[in-house]
Amino acid sequence: SDVCSSDLLNYLGLSGLFTVPSGATLDYGEFHFSSASFVDHKSYRQAQVGEGESPFDGNAFSFALSPFPGLEIGMSNMGYDLNGSSDLIANLKYSPTLIPDHWFDLAVGAVDLGGETGAQRALYASVSKQLGQFRFTAGTGSQRQEQTLRRYEGGFAGIEYQPYQWLTAVAEHDGVNTHYGVKFRTPNHWLGGDTQIYGSALLETDMDDGTDDSYFSMGIRTSLFSSQSKGGGSAKSLKSSIAQSLPWLFSDPQPQVDTPQTFDFHYRADGGTVDPMDQLKRALYKQGFEAVYAASEQGRLVIHFENPVFNRNELDALGIAMGLAANLAPQDMQLLDLNLSKQGVPTLRLEVAIDALKAFYKGEGAFPLLKPLPVRDVQVERAALMGSWGLAWLPRISFAPKINHFIGTEVGVLDYSLALRSTVELPLWSGASFYGDYDYQLKETEDFERGRSFYRWSIPSRWSNFAVKQVIRLPFNLYSSVGFGRFKGNYQEDFDGLFTEALWQSPSGTHRVSFSGGHYNSNVFDGLSRRVSVASYRYYWQDLDLSIKVETGRYWKQDRGSKLEFAFNFGDSKARFYIQDTDHMLVGLGFSVPLGMRKDIQLNTVQIKSSTDFNFSTSTMIDSESGCNCLAPGRAKLAPYGNNLARQFFNKDRLNISYIQAHKQRLRDAFYDWAVF
């Protein structure tokens, strides 16, 4: 549907007009990034404004996303000079979804949430109403910091007129000043439908700044679901699932989005005397799977395989394997016993009725219930397998960006050190691998150079990590790993260490308990050592596709405390909101997006893997006992290779029955989109 321009980011990093917040929030699952030339000149600044220069002219960068229907979380950074001081703030906004859409839009929010300086801190409430081509907004708020403009306190209002889909005229009064201008954006059907470029021009204002400057902004909005080819449908399906789980939260009934669609199988069984088991085995092997086994055991169709090619998400491999089983299973088979392993270590086993699975893949029935079974080693002769256990001694090379950054400091708006990390993984035997990480520096800002403020966090070109790790499956669904290696982090961080992990999750995957620990000795300073021990509990809420994790312990930087994180899944993308309290308390926002292809390239002598995700996060300090607004990088951080079990062996903590059931549509899509015939 066509969104109003006030549902896009304004100059303060909120969904709204120019400075006035609207009564709506960003659409569910959207991510926005914008850049503006307008700053609040009476907030915390150290830069001096020259004569004849506008005190409002500067650089503001904002990003925001909606991790839950009606909820908007964002970060904004403002400064005059890109190489000068700036201020990073966190924003929160909520619009109750229980209000009927045809009534009005209502939102409450906070600006500069919890920041130490609090120069722009404000609370507000806003109401918007659409009438034809006009939209009216009004509201009020409080802003108690004396050094600010104290906008919102006298009440604010705005009006928008949209004569064309791509153009909106805007007039507003923010409680202090009046602004006039226009907003523009690309039509919805451009850029694939999930992405839109927008901008604004504040052309006239009564701000007493002694200049006639105009102000401009540019931004981009996209759906976090766009990592899937059917991004829009995925957003509607997940919102429907949330509404089914929490009906009291929504005003209008949300129909279940799972439109029946009849499919014809493309993969037909060969006639004649071809052994159906051999044909199924060859079909699985053709997909690029390894250690393939298919046989009848006590009237059950037992399939085992390893997936080295769909590394972005194991769901694609499971969807293809289930689709092939439904299509090629012998007529006398009633149940499918599906087994998945990683480097020879069993990780998942489930049971499902083949007839119900066949109806689902044909679009003639609902997705059947998956029954979790205790994992096991498939006891078969090696000769009966196609491929080998993890193809020992076959190197797997992956590439991913690595970045250290500082946003909103006294020396710059954004400083960063960017490198390309190449990881070589060499399987040795069942459950054992050698790892090596090489970083190649691509670019860094001046403040990361030798002798400058952030040199300590620069990423040089070098071999950074070496490790050997052995993963062991224990009784009662418990997994453990032990390893040793050498790890180089920031300047003069060079440690040799022994490390271990342990992980247990319930049969459905709803609950997970894990531990990460190790002992490390410095190669730079005699007698310096680090001990790491972090325990965590994770709850997965299937209907919301949400993981809630609590962890506590001693972290890599030797800071002690706890961390609470909410991680929202959007296809293969993820948004995280967290609060941590170790030696400093911080609140942060992060996201991860996949880079590269859904299916990796596998050659006879080496496998080239793209980055399965790129992680970026930023945080701001809150309620520090010292009252400082200092930098605290690297807090609440696990040791290197401290989360490998969940990440590498359990599909980034997504390999469980609950997650598979929540993404049933993707299983079918993966078969029809990616199966090789």
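The values are calculated or read from the model by the stated rules, or taken from the named source; none is laboratory data. Treat the numbers as computed from the prediction; the structure is a model and nothing was measured. Heads up, the Cβs are rebuilt from the backbone with ideal geometry, glycines too, and the neighbour counts pull from every protein chain shown. The protein model used for the area step is the full one, side chains on, heavy atoms only, and it has no ligands, DNA or RNA in it. Shrake-Rupley method; radii C 1.70, N 1.55, O 1.52, S 1.80 Å.
How much solvent-accessible surface does Leu631 expose, in Å² to the nearest 10, with a 1.4 Å probe and all protein chains in place?
Looks like 90 Å² after rounding.
Segment 560-611 to segment 651-677: how many Å between their Cα centroids?
19
Give me the net charge of Leu167's neighbourhood, meaning all other residues with Cβ under 10 Å from the Cβ of Leu167; Lys, Arg count +1, Asp, Glu -1.
Summing Lys and Arg as +1 and Asp and Glu as -1 gives +2.
What full-extension length gain, to one decimal in nm, is calculated for Asn477 and Ala125 as 0.36 nm per residue of separation minus the Cα-Cα distance?
Numbers: separation 352, 0.36 × 352 = 126.72 nm, distance 4.95 nm.
Between Asn477 and Ala125, full extension yields 121.8 nm more.
Counting only other residues whose beta carbon sits under 14 Å from that of Gly199, what net charge do I get with K and R as +1, D and E as -1?
+3
Could you give me D for segment 541-677, from Stokes-Einstein at 37 °C and 0.692 mPa s, where the hydrodynamic radius is the Kirkwood radius over C-alpha pairs? Units µm² s⁻¹, please.
Using the Kirkwood radius from Cα pairs, D works out to 188 µm²/s.
Show me, bin by bin at 10 Å from 0, the whole-percent P(r) of segment 388-476 based on Cα pairs.
Answer for segment 388-476: a P(r) of 16, 34, 23, 16, 10, 1 percent.
Based on Cβ point charges of +1 for Lys and Arg and -1 for Asp and Glu, what charge dipole magnitude is obtained for the chain about its Cα centre, in debye rounded to the nearest 20?
2440
For segment 266-362, which trypsin sites (Lys or Arg not before Pro) pass both filters: DSSP loop (anything but H, G, I, E, B) and at most 15 other C-beta atoms within 10 Å?
Filter output for segment 266-362: Arg268.
Which residues make up the longest stretch of the chain that has no GluC sites (Glu not before Pro) in a DSSP loop with at most 11 other Cβ atoms within 10 Å?
The segment 382-624 is the longest one with no such site.
Can you list the DSSP H helices in the chain whose Cα atoms extend at least 18 Å along the helix axis and whose mean Kyte-Doolittle hydropathy is -0.5 or higher?
Details: long enough: 231-245 (21 Å, -0.31); 314-328 (21 Å, 1.17).
Answer set is 231-245, 314-328.
Mind checking the full-extension length gain between Gln133 and Phe525? Use 0.36 nm per residue of separation minus the Cα-Cα distance, one decimal, nm.
134.3 nm
What is the P(r) of segment 389-441, as percent of Cα-Cα pairs per 5 Å bin from 0?
Calculated P(r), rounded to whole percents: 5, 18, 18, 14, 11, 12, 8, 6, 5, 4, 1.
Considering all projection directions equally, how large on average is the shadow of the alpha-carbon convex hull of segment 451-582, in square nanometres? Before the final figure, lay out each step's value.
Values: hull surface 42.5 nm².
Projected over every direction and averaged, the Cα hull of segment 451-582 covers 10.6 nm².
What are the trypsin sites (Lys or Arg not before Pro) within segment 396-471 that DSSP puts in a loop, where the Cβ has at most 11 other Cβ atoms within 10 Å?
Values: sites: Arg396, Lys402, Arg421, Lys443, Arg450, Arg452, Arg456, Arg462, Lys469; in loops: Arg450, Arg452.
Counting only loop positions with at most 11 other Cβ atoms within 10 Å, the trypsin sites (Lys or Arg not before Pro) in segment 396-471 are Arg450.
Counting other Cβ atoms within 10 Å, keep those with at most 15, restrict to DSSP loop, and tell me which chymotrypsin sites (Phe, Trp or Tyr not before Pro) in segment 472-525 are left.
Phe476, Tyr491, Phe525
State the Cα centre-to-centre distance between segment 298-333 and segment 409-448 in whole Å.
35
At a Förster radius of 25 Å, what calculated FRET efficiency corresponds to the Cβ-Cβ distance of Ile608 and Gln470, to the nearest 0.05?
So the FRET efficiency works out to roughly 0.50.
Separation between the Leu191 and Phe677 pseudo-spin-labels, each 7 Å from Cα along Cα→Cβ, expressed in nm?
Simple spin-label model gives 3.6 nm for this pair.
Need the list of lysines near Lys358 for cross-linking: C-alpha distance under 29 angstrom, and skip anything on the same chain fewer than eight residues off.
Lys230, Lys236, Lys239, Lys281, Lys286, Lys342, Lys371, Lys599, Lys652, Lys664
Note down the net charge around Phe448, summing +1 for each Lys or Arg and -1 for each Asp or Glu among other residues with Cβ under 11 Å from its Cβ.
-1
Suppose every K and R has +1 on its Cβ and every D and E has -1 on its Cβ; what is the size of the dipole of segment 585-676 about the Cα centre, in Debye to the nearest 20?
Values: 11 positive and 7 negative charges, 74 e Å.
So the magnitude is around 360 debye.
Using every Cα-Cα pair within the chain, state what percent have a distance larger than 31 Å.
So the pairs more than 31 Å apart make up 58 percent of the total in the chain.
If you rank Tyr293, Tyr438, Tyr152 by how much accessible surface each has, with a 1.4 Å probe, what is the order from largest down?
Numbers: Tyr293 25, Tyr438 70, Tyr152 5 Å².
The ranking, largest first, comes out as Tyr438, Tyr293, Tyr152.
For Tyr361, Tyr94, give the ranking by accessible area with the largest first, probe 1.4 Å.
In descending accessible area the options line up as Tyr94, Tyr361.
By how many nm would the segment from Tyr440 to Asn615 grow when fully extended, if each residue of separation counts as 0.36 nm and the alpha-carbon distance is taken off?
61.2 nm
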